[in-house]
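J.: Submitted below is the structure of interest, expressed as structure tokens.
The values are calculated or read from the model by the stated rules, or taken from the named source; none is laboratory data. All values derive from a computational prediction rather than experimental measurement. All Cβ positions, glycine included, derive from the backbone under ideal geometry; neighbour counts span all protein chains shown.
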Amino acid sequence: MSAPVPAWAPAPPRTNGLAIAALVLGLCGFGILPVIFGHIALGQIRRTGDRGATLAIVGLVLGYLALAATVIGIGLVIAVAVGIPVFATWVSS
């Protein structure tokens, strides 16, 4: 006699919630939150086997791009405010 076959299939792995949050916040242009959530999500995904690694990575990339844009923007504002000649002539023309 064989063992009974279950009437249902095993549930697929769930998508990590922090990976989704990292992607959404990255798409919204936040800088530091998607980076934090993305790194935490990748750690949880490796540990638990959840899905969503691609979402976490895309959120990380978008978060780092937003951080880089913020740093460059602040640098340009400071350069113009201080009066660095190259930036001052570029902005005034």
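J.: If you scan segment 10-27, which residues turn out to be of a type in the set (G, A, S) and assigned to a loop (DSSP other than H, G, I, E, B)?
T.: A11
J.: Modelled with pLDDT under 95 and touching a helix residue (DSSP H, G or I) at 6+ places or on another chain (Cβ under 6 Å): is that true of G31 in this structure?
T.: yes
J.: Do we find that G26 is touching a Pro at 6+ places or on another chain (Cβ under 8 Å) and either modelled with pLDDT under 95 or surrounded by 22 or more Cβ atoms within 10 Å (Cβ to Cβ) (or both) in this structure?
T.: Here the answer is yes, as G26 does meet what is asked.
J.: Any idea which of (1) more than 11 Å from the chain's Cα centre (by Cα); (2) closer than 26 Å to N16 by Cβ is the one I57 doesn't satisfy?
T.: Going through the list (1) more than 11 Å from the chain's Cα centre (by Cα); (2) closer than 26 Å to N16 by Cβ, I57 breaks only (1).
J.: How many residues are more than 16 Å from the chain's Cα centre (by Cα) and touching a residue at least 40 places away in the same chain (Cβ under 8 Å) if we restrict to segment 1-54?
T.: 0
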